[in-house]
Amino acid sequence: MMTPHSWNRRGFLKATLLAAAAPAILRGAVQAGFEIGLVADAQFADIDDKGTRFYRNSLKKLGDAVEHFNGRNLDFCAHLGDLIDREWRSFDEISRPLAASRYRWHHLLGNHDFDVLDELKAKVPGRLGMEQRYRFFDQREFRFVILDTNDVSTYAHAAGSAERIAAAAALQGLEVEKVRQAKPWNGGIGAAQLAWFDRTCTAARTERRKVIVLAHHPVAPENEHNVWNSPAVLKLIERHSHVVAWLNGHNHAGNFAEHAGVPCVTMRGMVETAATTAFATARIMADRMVITGHGRELSRELVFRSS
Ligand SMILES: [Zn+2]
């Protein structure tokens, strides 16, 4: 596996050798791709540690990650959901290290982000600076799709709401069918969002953009952390061959699977352990993504399937 370092050196040598021949093309080659910062599950709360989770320590860990990111040349940063573990005021405290960032942070909704009073649940996306619960943005030749995997869930909506009642019924149905991910801390992607995701991918193809999905819950490999309706989501991804990667958090242990040639990476949770962190930078090029892990996060090279 090539390390980012060796890639850079190789790129540099290539540029040096061929500079006289084709300077314009090579300038592009040397600066190939762009880099982003990734963090999953800071899950901050001002509460005592429990088991392997050290909730308070995420303030310092996230601050250190922000400092690392600030020293690099990134296009943007993303937190893959569960910024807090519980309580509305946790958002205030964990926002402090983020305020020191010189980059734009894109947030995703996680199940723990809704562990606030019922009357505050609807305000969670706004508190995270999200205009919509799911959306996309284009970065260079890529389309980043941010999904809301808590769309159909028993925690994201207030008790007694139509959404909560429907989700409880859906969960019960999945439990009867013995679906492995039929757990109250997971959620599903509703029909309207799934149709939007489909349209968004189709439009990206028209614009010749590859799609990278950012979500809180995983869809692969099969396990108890997945999106409730992961089979439907995976089918959609199979159909859109220009969807090239799925990045998520939620399962703090981390995970990896390749589904139909699409690398599905579960990033390790920052909140785990007293002293070790977990975050990453990812350099995204036309045909691959090179993830450089820090702390417990693994470094990987993910080659995109050709569409
Ligand atoms: Zn989670």
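Length gained on full extension, ALA191 to ASP48, computed as 0.36 nm times the residue gap minus the Cα-Cα distance: 47.6 nm. With the helix formula -39500 (n - 2.57) applied to DSSP H stretches of n ≥ 4, the chain reaches a computed 222 nm mean residue ellipticity of -9000 deg cm²/dmol.
The long axis of helix 4-18 is offset from the longest Cα principal axis of the chain by roughly 30 degrees. Take the Cα of GLU222, step 7 Å toward its Cβ, do the same at ARG300, and the gap between the two points is 2.0 nm. Across the stretch 60-211, the fraction of Cα-Cα pairs farther apart than 21 Å, rounded to a whole number, is 53%. Here the mean projected area of the convex hull built on the C-alpha positions of the stretch 131-231 is 6.9 nm².
Kirkwood radius, the chain, all distinct C-alpha pairs, inverse of mean reciprocal distance: 20.0 Å. Beta bridges per DSSP, both residues in the chain: antiparallel share near 60 percent. Axis angle, to the nearest 10 degrees, between helix 89-99 and the longest C-alpha principal axis of the chain: 10 degrees. When only Cα pairs below 8 angstrom with a gap of at least 6 residues are kept, the chain shows a relative contact order of 18 percent. Taking other C-beta atoms within 10 angstrom as a stand-in for reagent exposure, LYS121, LYS50 fall in the order LYS50, LYS121, fewest first.
Could you tell me the distance between the Cα centroids of the stretch 141-158 and the stretch 80-108, to the nearest Å? Using only Cα atoms to place each centre, the spacing works out to 17 Å.
Between ALA168 and ALA286, what's the calculated FRET efficiency when r is the beta-carbon distance and R0 is 35 Å? Round to 0.05. Taking R0 as 35 Å, the efficiency between ALA168 and ALA286 is 0.20. Each label was represented as a point 7 Å from its Cα along the Cα-to-Cβ direction; for SER307 and GLU67 these points are 4.0 nm apart.
What is the distance in Å between the Cα centroid of the stretch 179-224 and that of the stretch 239-278? Each part reduced to its Cα centre gives a spacing of 13 Å.
For the residue pairs LYS50/LYS235; LYS61/LYS123; LYS61/LYS178, alpha carbon separations beyond 32 Å are given by LYS50/LYS235; LYS61/LYS178. If I build a Gaussian network model for the chain, linking alpha-carbon pairs within less than 10 angstrom, which residue out of LEU59, LEU80, LEU38 has the largest mean-square fluctuation? Result: LEU59 has the largest fluctuation of those listed. Protection proxy ranking, highest mean first, for peptides 148-159, 89-100: 148-159, 89-100, where packing is the per-residue count of other beta-carbon atoms within 10 Å, averaged. Comparing ARG53, ARG239, ARG133 in a Gaussian network model of the chain where C-alpha atoms under 10 Å apart are linked, the largest mean-square fluctuation is found at ARG239.
Hey, what angle do you get for helix 191-206 against the long axis of the chain, alpha-carbon based, 0 to 90 degrees rounded to 10? Approximately 10 degrees, to the nearest ten. Once the Cα-Cα distance is subtracted from the 0.36 nm per residue extended length, the SER161 to THR202 segment shows a gain of 11.5 nm.
Amide H contacts of ALA32 (H built 1.01 Å from N, in plane; Pro and chain starts excluded): no residue 5 or more places away or on another chain comes under 5 Å. Once the Cβ-Cβ distance of TRP88 and ARG180 is raised to the sixth power relative to R0 = 41 Å, the FRET efficiency obtained is 0.80. Please identify, among VAL211, VAL243, VAL179, the residue showing maximal mean-square fluctuation in a Gaussian network model of the chain using a 10 angstrom Cα cutoff. For the chain, modelled as a Gaussian network with Cα springs under 10 Å, the answer is VAL179.
Laboratory data are not the source of any read-out in this text; all were calculated from the coordinates shown. Not measured: the values here are computed from a predicted model. A quick note on method: Cβ atoms are made from the backbone with ideal geometry, for glycine too, and the neighbour counts reach across all protein chains shown.
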